[in-house]
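The values are calculated or read from the model by the stated rules, or taken from the named source; none is laboratory data. All of these numbers come straight from a predicted model, not from anything done at the bench. Every residue, glycine among them, receives a Cβ derived from its backbone with ideal geometry; neighbour counts consider all protein chains shown.
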Amino acid sequence: MLRPTTGATQQFFAVAITLAVGAIAPGAATAQSAEGASSAPAEVTFHKDIEPILQRSCQNCHREDSVAPMELLTYEQARPWARSMKRRTAMGRRAGVMPPWYVEQNIGIQEYKYDPSLSVEEVAMMGAWADAGAPRGNVADAPPARDFGDGGWTIGEPDLITKLPELIIGGEQPDWWGEIETTSVGNTSDRYVEALEFREVNDVLDTEDSRETVGGRFVFHHMIWSTQVIGDDGAQDELREEDTTTGWPVHEVGRNADTFDPQAGRLLAANSSVVSNSVHLHSNGRDTKSHLEIAWKFHPEGYEPLLEPARRSLGDGLNIDIKPEEADQQLHAYTVLQEHQKLTTFEPHLHAPGQRMCLEAIWGNHIETLTCAGYDHNWVRTYEYADHTAPILPKGTILHITGYMDNTTANRNVPDPRNWQGSGNRSVTNMFIDLGIGVKLSDEQFLEQMEERRQAISWRTGDHVIGCPLCPYDDLTIADVTEEDAEDGDAGETSETAETAAQQ
Ligand code: HEC
């Protein structure tokens with residue numbers, strides 16, 4: 001394991017103490033309400049202040065042919081919702097807040113890709129606008145209307161869209177698990193994927209009432225899937241099986257887009273098909289015909305990944321014991337990183353009683369909360385760290401997740417809080433997992449990544465870097481690693497890893 005030199009260790013303690021004090025600063029309440037914030041400008045108008053927020057953070061969903069019940073494109077459409085918008089944007093990072101994005105703003109890493117959430121100032125502005133009677137202001141201040149020619153995908157205009165087969169689920173049918181017909185993706189050359197996004201398209205209108213259940217009118221609750229190259233006989237091409245099968249993050253109801261580390265694009269081999277034997281449908285209360293679409297964004301032809309994906313096995317499916325009629329119940333799970341890793345996403349996965357999850361990294365006596373996020377099982381979110389905030393963690397780091405469960409009537413996702421809840425697959429039983437992903441780093445890549453990070457954030461001696469316990473030690477070398485491992489008797493293996501990395 002890497003260890004800082006003695007001089008650095010003292011600095012390290014000083015930093016850790018400052019950090020701990022910062023983390024429990026007064027006012028660090030769980031669900032932050034912005035109602036107390038008072039930084040809104042005096043005269044807030046629709047065209048000048050509110051419209052840009054709606055364009056950036058709301059209109060992807062609040063427009064025709066998208067998921068939300070009403071449109072928020074024009075002043076006339078937004079005006080009647082002013083009070084409701086004030087309320088829904090000021091709820092704090094918990095179920096119900098708009099937009100559905102739950103990273104808490106008072107702890108941990110704050111910069112994520114495709115973060116649509118409102119700043120404290122913007123929330124205050126929404127409130128001030130509603131309180132002032134929702135004034136229109138000057139049309140000349142309006143930003144140009146958004147162009148949805150790209151289909152309104154968060155990842156931007158896709159390079160390819162794959163439509164999966166239609167499935168039907170009856171209004172009174174129980175949960176269904178099964179396979180979908182293997183479907184050609186439509187790519188004819190090997191491509192590396194930069195980002196992808198799912199959309200469920202079904203025949204229940206967003207204005208129709210659907211059963212008050214998790215997922216609302218949407219019926220695809222998950223799809224665990226891979227892409228594979230399938231021959232004319234329907235079997236997988238055995239010769240290329242190893243290097244043409246790619247696993248992708250599981251799709252879940254209400255889930256947002258996936259992006260991969262820019263240096264770890266995933267292969268979509270030429271002529272791939274989507275293969276899944278694990279689709280989970282959950283009825284929305286009426287007969288529904290539905291299919292999924294996958295939008296792909298590729299790296300340019302000729303792109304080669306430099307880093308390999310890593311998964312972390314972090315969760316507990318055994319000890320879930322959720323008592324009836326009780327809020328703030330906690331679950332804990334741990335894992336130890338066996339290799340250096342950059343965590344690129346955090347993805348709390350709970351079920352209906354899930355209320356919140358925190359991810360913590362423990363390295364020696366360095367204990368740091370990376371992310372705390374509220375949870376709403378209607379809106380499964382994956383949080384993608386920005387390139388310059390993704391945690392870079394040494395092997396041996398302990399990752400710890402805490403799940404917070406609310407099994408009371410205050411949690412509208414729970415059908416009947418008088419029930420005890422345990423573990424299981426159905427939408428009414430429970431899971432407790434961080435489905436986040438990351439990339440593996442060799443010793444050399446680990447040092448390189450930390451150097452890149454220091455440059456990206458204009459690091460100066462003494463600066464603490466959240467999520468990167470060794471970043472403050474810019475004098476670490478591979479020799480530190482081999483020397484350490486020599487004591488453990490496996491120096492040979494480590495220096496070989498370092499050599500291989502050096503050759504790449
Ligand atoms: C990811 C999609 C999505 C985004 C982004 C989004 N909404 Fe929503 N919104 C929905 C859906 C779906 C509903 C209906 C379900 C619910 O009430 O939670 C909704 C409900 C609402 C409601 C309540 C409507 C009612 O019937 O009372 C308001 C108000 C609202 N949104 C405002 C906003 C504002 C303002 C933004 C941006 C700051 C925003 N939403 C961003 C999808 C979205």
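The table for this structure:
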{"quantity": "Scan of the range 59-77 for residues that are touching a His at 6+ places or on another chain (Cβ under 9 Å) and part of a helix (DSSP H, G or I), ordered by number", "calculated": "75, 77"}
{"quantity": "Residues of the range 134-144 that turn out to be away from the ligand (no atom under 16 Å from the Cβ) and assigned to a loop (DSSP other than H, G, I, E, B), as a count", "calculated": "6"}
{"quantity": "Residue identified as farther than 19 Å from residue 348 by Cβ, surrounded by fewer than 17 Cβ atoms within 10 Å (Cβ to Cβ), out of contact with any Pro (no Cβ under 9 Å at 6 or more places or on another chain) and of a type in the set (A, V, I, L, M, F, W, C) among 68, 82", "calculated": "68"}
{"quantity": "Check on residue 131, farther than 30 Å from residue 282 by Cα, touching a Phe, Trp or Tyr at 6+ places or on another chain (Cβ under 9 Å), in contact (Cβ under 8 Å) with a residue 40 or more places away in the chain and away from the ligand (no atom under 15 Å from the Cβ)", "calculated": "no"}
{"quantity": "Residue that is farthest from residue 253 (Cα to Cα) [pool: residues in the range 70-121 that are away from the ligand (no atom under 14 Å from the Cβ) and among the charged types (D, E, K, R)]", "calculated": "76"}
{"quantity": "Within the range 393-418, considering residues that are of a type in the set (S, T, N, Q) and under 22 Å from residue 315 (Cβ atoms), the one surrounded by the fewest Cβ atoms within 10 Å (Cβ to Cβ)", "calculated": "402"}
{"quantity": "Residues of the range 356-380 that turn out to be within 16 Å of the ligand (Cβ to nearest atom) and within 22 Å of residue 424 (Cα to Cα), as a count", "calculated": "7"}
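For (1) modelled with pLDDT of 95 or more; (2) part of a loop (DSSP other than H, G, I, E, B); (3) surrounded by 17 or more Cβ atoms within 10 Å (Cβ to Cβ), each residue gets a yes or a no:
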| site | (1), (2), (3) |
| --- | --- |
| 234 | no, yes, no |
| 239 | no, no, no |
| 243 | no, no, no |
| 254 | no, yes, yes |
| 261 | no, yes, yes |
| 270 | no, yes, no |
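Condition check ((1) in contact with a Leu (Cβ under 8 Å, 6 or more places away or on another chain); (2) within 16 Å of the ligand (Cβ to nearest atom); (3) in a strand (DSSP E or B); (4) closer than 30 Å to residue 221 by Cβ) across all residues:
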site	(1), (2), (3), (4)
149	no, no, no, no
157	no, no, no, yes
162	no, no, yes, yes
172	no, no, no, yes
183	yes, no, yes, yes
